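Report on one structure; see the data block that follows.
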Amino acid sequence: MAKRQSELYRIPRKPGYLGGYNWRATALGCLLLVVVNFVATQYIAARFQYQSALGAPLLRAKSGGLYQPFSWIVWGWRYCTSRDERIRQPFFEGEMIVFVGSLLCVGIFFVLASRRARQLTENAEDLHGSARWADGDNVRDTGLLTTKHGVYVGGWCAEGERRLNYLRHNGPEHILAFAPTRSGKGVGLVIPSLLAWEESAVIYDIKGENWAKTGGFRSQQGHLCFKFSPVEEQASSRFNPLSEVRLFTPRDVSDAQNIANMIVRTGEDSPQERYWQDAASSITTGMILHVCYEAALEARVACLADLAHAFTRPGSSFRDTLDELLNFEHDPGYAHDWRMPTGAQTLTHPVVREKVQEMLDKEDRDFGGVLSTAKTALTLYSDPLVAKNTSASDFTIDDLVNHERPMSLYLVVPPSDKIRLRPLIRLMFTMTVNRLTEKMVFQGAEQKRNKHRLLLLIDEFPSLNRMEVFADALSYMAGYGLKAYLITQDIRQIVDAYGNNESIVSNCHVRIAFAPNQFETAELLSKMTGTTTVQKASYNFSGSRLSPVMAHINASVDHIERPLMTPDEVLRLKPPQKRGDGAQERIVAPGQMLIFVSGHHPILGTQMLYFLDPVLNSRAELPPPNEFITMEDGQPVPQLPLNRTRHVISKPELVSPPDLSSVNP
């Protein structure tokens with residue numbers, strides 16, 4: 001075997017010249033043949049006690065002499081016709097020595113001769129590729145097998161064993177899962193991860209199943225759990241994005257600009273729409289600042305419904321509204337010392353005046369297009385339920401990572417409202433990423449960490465459309481303690497949302513895949529498994545077809561490349577076993593999965609199902625929280641549910657843990 005030349009792959013040594021006579025094998029064979037005959041000669045001479053009748057030796061010694069290697073042939077010619085058994089027996093034994101030794105010489109000759117032909121294929125398993133499945137040592141090297149904390153990424157069975165080893169990831173890197181619908185992503189990835197992740201989390205929870213199965217346990221573990229369900233009348237916490245605008249600070253404009261961009265840009269814009277969205281974002285920035293400072297004068301916090309109403313005032317046109325805002329007194333007492341470009345003090349926020357004048361300067365056609373774009377983006381907040389649940393905040397974004405207790409925020413969206421509520425969910429995720437990656441604080445040379453890391457678990461991630469801020473932040477937000485766990489049905493969804501040059505896949509250190517339904521995804525996964533080198537035997541037969549024995553059979557072995565898994569084989573990954581009919585169909589046994597960790601061999605794994613684990617299953621049976629509490633001086637205090645009308649509750653409100661005294665753990 002060739003010496004390993006690299007830790008990554010092995011290549012064959014140079015074969016050298018393989019033509020001409022095989023002098024090495026021939027010379028060694030002849031030498032061994034001489035040695036065999038010499039041994040036979042000396043054996044026969046010793047049996048006859050070196051008598052003088054054998055002739056003169058080449059070299060005399062006290063115990064006998066050394067004869068020419070082939071002298072036994074001459075002696076046999078002279079004496080083997082003798083009828084005396086005492087003479088014939090030594091010659092027979094010597095001949096046997098020569099016979100056996102000659103066979104050995106021939107065997108060694110053929111071994112050496114064939115070795116020259118094998119030099120072309122020796123150690124060539126990595127010639128076309130070195131991909132292979134991870135073994136036990138490789139899986140341990142990934143760190144997934146030895147980690148006792150973090151999220152679940154699957155399971156793995158050692159060769160010859162049936163015991164399922166859980167694979168978990170607790171590093172700062174992001175995770176991407178390819179999991180089609182009804183493939184077991186909820187019971188195999190999402191729910192077990194939420195039943196094990198010990199720090200803060202924001203969960204995109206379509207249907208509310210994750211809240212129902214994991215909210216109780218996370219509350220029991222001391223988490224402050226929020227269920228933000230924008231279209232529920234009572235059973236929802238609230239979040240007001242405009243409460244995150246830091247008024248009376250130099251950051252008020254940047255906060256307003258970020259929120260305006262997130263509101264106006266839907267992720268579906270074409271190049272033709274970019275102009276309208278840029279202009280709409282500009283005027284929306286000014287309107288956000290206006291409604292926020294106007295509400296502050298009334299000792300309240302503005303909300304998105306206020307912003308929507310500001311664009312549509314009954315009885316007056318939007319131009320009339322803008323004319324009023326040019327001289328609106330946002331700072332009646334000059335307390336903030338706002339100044340015009342000329343240096344003169346102003347009672348109107350300078351950016352509000354600037355954006356209003358910019359809008360008024362537009363021609364009627366542009367004015368109408370910009371206004372229509374802005375109003376369309378704010379249509380959602382005309383819904384009374386959405387307006388009510390975004391009228392105040394029961395938590396702040398900073399609470400997610402810096403509260404004394406870890407927090408879990410479930411963004412619960414009914415499938416029937418998924419598309420309609422998409423702008424609000426996009427807004428919350430992008431605001432979270434923007435705010436928590438705003439600055440990196442250092443204590444000396446060391447980075448000051450937040451109190452809690454934050455897991456962003458987003459099922460059906462591409463369904464939120466392109467979130468440019470989020471996609472860009474994937475490359476650096478791990479350094480701020482933010483870990484993304486993204487789930488998509490197939491690669492086509494990501495490409496449709498982010499384009500062919502998307503960076504989502506490449507920014508995820510761990511990639512998981514269940515049996516895909518789409519061929520393009522199967523092709524990608526096949527390429528990700530890599531290329532391996534395999535041997536291919538070819539046989540050529542010659543001779544008469546009617547002959548009982550073929551005259552010649554030629555065999556050759558070629559080394560060729562093939563994917564470790566072809567797309568067809570990826571599509572045929574074993575799916576989870578299901579039982580039941582129709583709506584009663586349930587997953588009862590795990591299927592196969594692929595796990596890719598950057599820098600390591602791919603893992604052919606097995607799904608882990610939380611309900612097959614007694615510990616995880618008991619955690620999932622705890623009921624979710626159902627009582628409201630309020631925060632006073634940073635501490636949760638029990639409180640009865642309040643009339644959830646706009647601006648009634650001024651203090652944060654969140655969901656408390658359930659009464660566990662009646663629950664059997």
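Distance between the C-alpha centres of segment 586-614 and segment 315-330: 60 Å, rounded to the whole angstrom. Scanning the chain for GluC sites (Glu not before Pro) that sit in a DSSP loop and have at most 10 other Cβ atoms within 10 Å, the longest stretch containing none of them is 364-665.
Once backbone amide H atoms are built at 1.01 Å from N, Gly605 has Met593, Leu594, Ile595 as its partners under 5 Å, excluding neighbours fewer than 5 places away on the same chain. Partners of Lys375 within straight-line reach, counting lysines whose Cα lies under 21 Å from its Cα and excluding those fewer than 8 residues away in the same chain: Lys355, Lys362, Lys388, Lys418. Tell me the Kirkwood hydrodynamic radius of segment 23-118 in angstroms, computed as one over the mean inverse distance between distinct C-alpha pairs. Evaluated on segment 23-118, it is 14.5 Å. Every helix of 4 or more DSSP H residues in the chain counts as -39500 (n - 2.57), and over all residues that averages to -11000 deg cm²/dmol at 222 nm. The charge dipole of the chain, taken about the Cα centre with unit charges on the Cβ atoms of Lys, Arg (+1) and Asp, Glu (-1), comes to about 4380 debye, rounded to the nearest 20.
Quick one: divide the alpha-carbon radius of gyration of segment 163-256 by 2.2 N^0.38 Å and tell me what you get.
On the way: Rg = 17.4 Å, N = 94, 2.2 N^0.38 = 12.4 Å.
Rounded to two decimals, the normalised Rg is 1.41.
A simple spin-label model places pseudo-atoms 7 Å from Cα toward Cβ; at Thr81 and Arg319 they are separated by 14.0 nm. In this model, which of Lys207/Lys483; Lys213/Lys451; Lys148/Lys448; Lys213/Lys448 are farther than 32 Å apart at the alpha-carbon? As for pairs spanning more than 32 Å Cα to Cα, those are Lys213/Lys448. Across segment 320-332, rounded Karplus estimates of 3J(HN,Hα) from the backbone phi angles (6.51 cos²θ - 1.76 cosθ + 1.60, θ = phi - 60°) give 4, 4, 5, 4, 5, 6, 4, 10, 5, 8, 7, 9, x Hz, Gly and Pro being marked x. For segment 136-198, the list of trypsin sites (Lys or Arg not before Pro) that fall in a loop by DSSP and count at most 16 other C-beta atoms within 10 angstrom reads Lys148, Arg162, Arg163, Arg182. Across segment 23-31, computed HN-Hα scalar couplings (Karplus, 6.51 cos²θ - 1.76 cosθ + 1.60, θ = phi - 60°) run 5, 5, 5, 5, 5, 5, x, 5, 4 Hz from first to last residue, x flagging Gly and Pro.
Angle of helix 418-436 to the longest C-alpha principal axis of the chain, folded into 0 to 90 degrees and rounded to 10: 80°. Working note: Karplus 6.51/-1.76/1.60 with θ = phi - 60° gives segment 480-488 the couplings 9, x, 9, 10, 9, 10, 9, 10, 9 Hz, where Gly and Pro are set to x. Cα-based Rg of segment 399-447 per 2.2 N^0.38 Å, rounded to two decimals? Compared with the compact-globule rule of thumb, segment 399-447 sits at 1.59.
Using C-alpha pairs under 8 Å with a sequence gap of at least 6, the mean separation divided by the residue count of the chain gives a relative contact order of 20 percent. A straight Cα-to-Cα reach below 16 Å connects Lys536 with none of the lysines, residues fewer than 8 places away in its own chain not being considered. Could you point to the residue in Leu307, Val111, Pro414 farthest towards the positive end of the chain's charge dipole, with +1 and -1 charges on the Cβ of Lys/Arg and Asp/Glu respectively? So the residue we want is Val111.
Computed over the chain, the range of Cα coordinates on each principal axis works out to 140, 67, 63 Å, biggest value leading.
Counting only residues at least eight positions apart within a chain, or on another chain, the aspartates and glutamates with an alpha carbon under 12 Å from that of Lys227 are Asp205, Glu209, Asp394, Glu627, Glu653.
Express in % the proportion of alpha carbon pairs of segment 240-392 at distances exceeding 21 Å. Counting every Cα pair in segment 240-392, those more than 21 Å apart make up 43 percent.
Which net charge results for the neighbourhood of Asp205, defined as the other residues with beta-carbon distances under 9 angstrom from its beta-carbon, given Lys and Arg at +1 and Asp and Glu at -1? That sum, taken over residues with Cβ under 9 Å, equals 0. Taking amide H positions as modeled 1.01 Å from N, with prolines and chain starts lacking one, the residues under 5 Å from Cys225 and 5 or more places away or on another chain are Ser408, Val655. Of interest is the spacing of the C-alpha centroids, which for segment 435-491 and segment 60-77 amounts to 90 Å.
Given segment 263-339, what whole percent of its Cα pairs are spread farther than 16 Å?
Value for segment 263-339: 60 percent of Cα pairs lie more than 16 Å apart.
Put simply, the amide H of Asp205, placed in the peptide plane, has neighbours under 5 Å in Leu411, Val412, Val413, leaving out anything fewer than 5 places away on its chain.
Taken together, the values in this text are just the output of simple stated rules run on the coordinates, not laboratory data. Only a predicted model underlies this, so the values are computations on that prediction, with no experimental measurement involved. Cβ coordinates were reconstructed from backbone atoms using ideal geometry, including for glycine residues, and neighbour counts include every protein chain displayed.
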